[in-house]
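Have a look at the structure below before the remarks.
The values are calculated or read from the model by the stated rules, or taken from the named source; none is laboratory data. No experiment lies behind these values; they were computed from the predicted model shown. In this analysis, Cβ positions are derived from the backbone assuming ideal geometry, glycine residues included, and neighbour counts consider all displayed protein chains.
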Amino acid sequence: MMRPIADVQPTADTVDAELAKKVQLFLSANRRGFRRVSVWAEGETVRLAGPVDSFYLRQMAAVLAKRVAGVRHVVDDLEVDQGEM
């Protein structure tokens, strides 16, 4: 017998993937410069990695990521792409 959908609990991996997706969409919606940023989530911590065009965008990515509901900590592994400056 199948269980009702309401009884199915999301796994930690599913919740982490959903949070990472929310952060990725929020970043992309706010700036074009974040399209190359990769986002991973584990619990309430998100990790940002990849190239950005300036130190300002690096700082803004972390600030914006923290505004997403469910994010408490941001690990900034972003790199400023010196070739774009």
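Pull up the stretch 5-28, narrow it to residues that are under 15 Å from residue 78 (Cβ atoms) and touching a helix residue (DSSP H, G or I) at 6+ places or on another chain (Cβ under 7 Å), then point me to the one that is modelled with the lowest pLDDT.
For the stretch 5-28, the residue satisfying everything is 28.
Just to verify a result, which residue in the stretch 29-58, among those that are in contact with a Gly (Cβ under 6 Å, 6 or more places away or on another chain) and part of a loop (DSSP other than H, G, I, E, B), is farthest from residue 74 (Cα to Cα)?
53
Residues to consider are 71, 52; find the one that is within 16 Å of residue 17 (Cβ to Cβ) and surrounded by 14 or more Cβ atoms within 10 Å (Cβ to Cβ).
Numbers: 52 fails: within 16 Å of residue 17 (Cβ to Cβ).
Testing whether each residue is within 16 Å of residue 17 (Cβ to Cβ) and surrounded by 14 or more Cβ atoms within 10 Å (Cβ to Cβ) leaves just 71.
Within the set of pairs 6+ apart or on separate chains, which have a first residue in the stretch 12-24 that is touching a residue at least 40 places away in the same chain (Cβ under 8 Å) and in a helix (DSSP H, G or I), a second that is among the small types (Gly, Ala, Ser) and surrounded by 15 or more Cβ atoms within 10 Å (Cβ to Cβ), and C-beta atoms under 8 Å apart?
Note: pairs meeting the criteria are 19/41; 23/41; 23/65.
Output the residue which, of all residues in the stretch 29-44 that are in contact with a helix residue (DSSP H, G or I) (Cβ under 9 Å, 6 or more places away or on another chain) and of a type in the set (A, V, I, L, M), is surrounded by the most Cβ atoms within 10 Å (Cβ to Cβ).
Filtering the stretch 29-44 down to residues in contact with a helix residue (DSSP H, G or I) (Cβ under 9 Å, 6 or more places away or on another chain) leaves 30-31, 33-35, 37-44.
Okay, now just the ones that are also of a type in the set (A, V, I, L, M), so 37, 39, 41.
Working: 37: 22, 39: 25, 41: 23.
Filtering first and then ranking leaves 39.
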